[in-house]
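Here the structure comes first, spelled out in structure tokens, and everything after it is commentary.
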Number of protein chains: 2
Amino acid sequence: MTNAASIDSASRDILRCDGARLWDSLMALARIGATPAGGVRRLALTELDGEARRIVIDWLRDCGCSIRIDPIGNIHATRPGTEDLAPIGIGSHLDTQPNGGRFDGAYGVMAGLEVLRCLDDHDIRTRHPVNVTIWTNEEGSRFTPVMMGSGVYAGAFTLEHCLAQHDRDGRSVGDALVAIGFDGRDTAPALAAYFEPHIEQGPILEAEGITIGTVETALGQRWFDVLITGQDAHAGPTPLAMRRDALLAAAHLIAAVRRIAEEHPDEARGTVGQLDVTPNSRNVIPGRVALTVDLRNARDETLSRMVEALRAECAAIAAREQLGIELEEVVYFPPCRFDPALVGMVEQAARRLGHSHRRIASGAGHDAVYVARRHPAAMIFVPCEGGISHNEIENAEPEHLAAGTDVLLEAVLAFDRGAV
Amino acid sequence: MTNAASIDSASRDILRCDGARLWDSLMALARIGATPAGGVRRLALTELDGEARRIVIDWLRDCGCSIRIDPIGNIHATRPGTEDLAPIGIGSHLDTQPNGGRFDGAYGVMAGLEVLRCLDDHDIRTRHPVNVTIWTNEEGSRFTPVMMGSGVYAGAFTLEHCLAQHDRDGRSVGDALVAIGFDGRDTAPALAAYFEPHIEQGPILEAEGITIGTVETALGQRWFDVLITGQDAHAGPTPLAMRRDALLAAAHLIAAVRRIAEEHPDEARGTVGQLDVTPNSRNVIPGRVALTVDLRNARDETLSRMVEALRAECAAIAAREQLGIELEEVVYFPPCRFDPALVGMVEQAARRLGHSHRRIASGAGHDAVYVARRHPAAMIFVPCEGGISHNEIENAEPEHLAAGTDVLLEAVLAFDRGAV
């Protein structure tokens, strides 16, 4: 058996994972909740989620892990280390969107499993324990809030609040945990560091032909519900000047949201994703439009300026079109800057492995964003086809998934050597 | 009994209708299909429509009318004249929108009835017969096309086509006519002239404090279904420059439709009333938007120029936003210019009665638009509260309704005297 700490960082071999084994594990997991269109529907805390959890626990136990289940159902699998140190964490989630794909979440957990299997293959004992965590309900499709398990872990929500949340059928998180046997009593371990590999869920790496995204930040998010109240009227008899057209106001607002994103720096994004028109009839001027605004930015100050610009646009449009615009903020995630030392370690690993790489911002939320509130954390992105995710056609190349796992393994070993 | 033709137009008395009786008849009719919110739900060819038809036929028979039912279910009630002349027509409809009001359609029929009652009150025999027509399915809420009965009368649609149309439950127009006993076999009469009183369904008369709208034209209408196809993508990870946002394209199109209406003369109107977003999720860039465009104008050439501008805008937006925009024309009503002599007669009647009046365009379609394809026709508008129609809160002032009926009576008598 080799002691990782004894290998000199310059002379040691570069370990590589078994890409075929990783792929096979991903595909085996994707059969649980597989959809005819090639995707996965495995909502949080359903029987299917329970089945996936049990299978992955079996695989993790085969790597010599002890298993702890905490009260929100997070699974912590720990491979022992040689010293009395906090574990190095790897993790992600097994739950999917209603029409989800095979890689979102699952990849991070399977990459963690593959790292443990590689360590076993090479009889490597690390100084730190290595911990693979499966976080409960990252997607938030069945229960809100999203990123529930990591949020409880980080203290963003209380356990009691989350256990009491209900799905549309009135089933609580607490009851759902009991039903699938994951109402744990164990204490979640504190971590020395946390790495989360994930498909990019965006188009940048593929478009630039780059294999590894070293995630420096996660964009802050501020979400709004907007209600525009004008006056229904007949499309024919009502002169233009006498209209109070809520959909026309909405159109100006949608264009303004895009403009605000374009005019601000720091990876600014602005999206109107949801819009509902009342009465939604071909020859009636719409009296009411409800829509959502999603603003994102890597810097909190810039994000605040975007929100100010949004409020100013709403006021200007309301005055010009003679109608009411109400803006309610419903979600605020501050931007997350991942740990610079861990980010550097990921970058160094990619370089050492000879993979093309770039710094990148995560536009989406991830469990790592909450974990980063408690421990040093970093993420590793790999390309996904067309940038498409949360979709049954979500796809990724086996060699990219293997490359990301190699980088993960290299970064874990670097951290374990005390390179931080 | 007085012979109307024998009265000299300068010296004769001005007849006035019984405004209270008119109001009482309207309110009695509004009880058939009354909604708790004060409106009326009396869809075409339902049992309620049949009940309303039978009651109004009784009232018309009490005025000495003979009743003919034609094969599309239009009811023609004829009060005899003293000479062998084509009848002077008055008409409108009894069917309502699903959440309709008490006046749309019903007012025109009750005004016609009140004219007949006035003639009886004063023992006036007209040279021409006077004919009150109740047109089948003007609203088009249960069966399309709209203005079905007057459309068949004018040859815009074939009888066979209309009888075969189905409602959402698969019931055909032909079966619905049989079910309520209005599958007639009579021939519809040719008319010497046709007058249709109607609430304005727009805000102009009320805003300007004017009692009578002398309707010169009905706007032409061209309706389009638009399908915008971009690409669903995650709102967070997708940079602005890589988006193909169907809702952003829709926003530009909605603003363009308004701009096109503003930049064209001849009572131009442009409306997007219906819009549906897919997948319509807060944090997903919409990949697909279906929307409708409704363009109207008093002149066909200007309307064509508006359509050209719309097509150009769609092409420009599609190119700029890198997505597909398909435009399908689904309805084309050419503009209708009402008969100048009859329009002048309505105007002269308003002047003689001392009512404020103005020339106005009808923005909406009406049975008179189809009748005008076959016979000289004109319309008389009265104000409605807030310009609101197709709504349970639709409202009108009794004195305005009476004034419109007085103008109708005066115009009918003027025509009958041969003033045309």
Antiparallel DSSP bridges in chain A: what percent, to the nearest 5?
65
Just need the relative contact order of chain B here, percent rounded to a whole number, with Cα pairs under 8 Å and 6+ apart.
23
Looking at the P(r) of the protein assembly as shown, how many percent of alpha-carbon pairs lie beyond 48 Å?
40
Integer Hz, Karplus 6.51/-1.76/1.60 couplings in order for segment B:106-117, x for Gly and Pro:
3, 4, x, 6, 5, 5, x, 4, 5, 4, 4, 4
Estimated FRET transfer efficiency when R0 is 35 angstrom, pair B:GLU399-B:ALA190 (beta carbons, to 0.05):
0.50
Provide the percentage of antiparallel DSSP beta bridges, counting only those with both residues in the protein assembly as shown; round to the nearest 5.
65
What span do the alpha-carbon atoms of chain A cover on each of the three principal axes, reported in whole Å from largest to smallest?
85, 45, 38
What is the helix-to-structure angle for A:340-353, meaning the angle in degrees between its Cα long axis and the longest Cα principal axis of chain A, kept from 0 to 90 and rounded to the nearest 10?
70
Whole-angstrom gap from segment A:314-360 to segment A:165-214, using each part's C-alpha centre
19
In the P(r) worked out for segment B:259-400, what percent of Cα pairs fall beyond 28 Å?
39
How tilted is helix B:246-263 with respect to the longest principal axis of chain B? Cα atoms for both, answer in degrees (0 to 90, nearest 10).
40
What does the structure give for A:223-236 when I average, per residue, the other chain Cβ atoms found within 10 Å of the residue Cβ?
5
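Pairs of alpha-carbon atoms within less than 8 angstrom and 6+ residues apart define the contacts here; what relative contact order does segment A:220-333 have, in percent?
Values: 239 pairs, mean separation 50.4, N = 114.
Result for segment A:220-333 is 44 percent.
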Per GNM of chain A with C-alpha springs under 10 angstrom, the most fluctuating residue out of A:ILE212, A:ILE69, A:ILE199 is A:ILE69
Give me P(r) over segment B:114-260, computed from all C-alpha to C-alpha distances, binned every 5 Å, as integer percentages.
2, 6, 10, 11, 11, 12, 13, 10, 8, 6, 5, 3, 2, 1, 1, 0, 0
Any chance you could list P(r) for segment B:320-376, counting all Cα-Cα pairs in 5 angstrom bins from zero, rounded to whole %?
4, 13, 18, 17, 13, 9, 6, 6, 5, 4, 3, 2, 0
From the Cα centre of segment A:10-45 to that of segment B:373-420, the distance in Å is 74
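If you take each beta carbon of peptide B:242-249 and count the beta carbons of other chains within 10 angstrom, what is the mean? Please list the in-between numbers first.
Values: counts 5, 5, 0, 5, 0, 11, 8, 1.
Counting Cβ atoms of other protein chains within 10 Å of each residue's Cβ and averaging gives 4.
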Anyone know which of A:HIS76, A:HIS366, A:HIS122 comes out most mobile in the 10 Å Cα GNM of chain A?
A:HIS122
I want to verify the translational diffusion coefficient of segment A:220-333 in µm²/s; compute it with Stokes-Einstein, Rh as the Kirkwood radius over Cα pairs, at 20 °C and 1.002 mPa s.
149
Among all stretches of chain B without exposed trypsin sites (Lys or Arg not before Pro) (DSSP loop, at most 12 other Cβ atoms within 10 Å), which one is longest?
B:186-420
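Figure the gain on full extension for A:ASN280 and A:ASP58 (residue separation times 0.36 nm, minus the Cα-Cα span) and round it to one decimal in nm. Spell out each step's value before the answer.
On the way: separation 222, 0.36 × 222 = 79.92 nm, distance 5.25 nm.
Difference between extended and current length: 74.7 nm.
Take the Cα radius of gyration of segment A:22-130 and divide it by 2.2 N^0.38 Å, with N its residue count; two decimals is plenty.
Working: Rg = 14.4 Å, N = 109, 2.2 N^0.38 = 13.1 Å.
For segment A:22-130, the normalised Cα radius of gyration is 1.10.
So what is the relative contact order for segment B:127-168, in percent, with contacts set as C-alpha pairs under 8 Å and at least six apart? Before the final figure, lay out the partial values.
Details: 36 pairs, mean separation 12.4, N = 42.
Computed value for segment B:127-168: 30 percent relative contact order.
Where a number appears in this text, it was derived from the coordinates with a stated rule and is not lab data. Quantities reported herein were computed from a predicted structural model and do not represent experimental measurements. Using ideal geometry, Cβ is built from the backbone for each residue, glycine included, and neighbour counts are taken over all protein chains shown.
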